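Working notes, beginning with the structure itself.
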Amino acid sequence: MIICICNLVSDREITRCARGGMAFEDIQLELGVATQCGQCESSARGIHANCQVEHTVAFIRNGAACQPATHQPKDSQWNSSEPWVAA
């Protein structure tokens with residue numbers, strides 16, 4: 001859904017940037033959201049606030065985000081030959 005009609009910024013774009021760890025002010029600079037008439041600012045800030053994560057993932061401009069890898073050893077002891085598996 002388009003949130004900022006002045007700059008045609010969607011909720012997906014705001015979400016992608018927020019989940020990538022960008023501050024709202026950085027999103028404004030990157031996307032131009034809430035920089036013209038200001039009518040979308042509260043909605044855009046709300047989307048940003050709802051997308052905050054405890055652990056930031058890498059922000060990649062095309063929208064893909066790196067997922068942290070996790071390992072799952074077969075027993076409780078660490079095995080250095082155990083492969084890392086994507087979560």
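General observations
- Tallying residues that are open to solvent by less than 80 Å² (accessible area, probe 1.4 Å) and at pLDDT below 80 within segment 18-64 yields 7.
- Contact annotation: residue pairs with Cβ atoms under 8 Å, 6 or more positions apart or on different chains, pairing a residue in segment 1-16 that is part of a loop (DSSP other than H, G, I, E, B) with a partner that is of a type in the set (Val, Ile, Thr), are 6/35; 7/33; 7/35; 8/2.
The values are calculated or read from the model by the stated rules, or taken from the named source; none is laboratory data. Keep in mind the model is a prediction, meaning the values are calculated, not measured. Glycine gets a Cβ as well: all are built from the backbone with ideal geometry, and neighbour counts include every protein chain shown. The accessibility values were calculated without ligands, DNA or RNA, using every heavy atom of the protein model including side chains. Shrake-Rupley method; radii C 1.70, N 1.55, O 1.52, S 1.80 Å.
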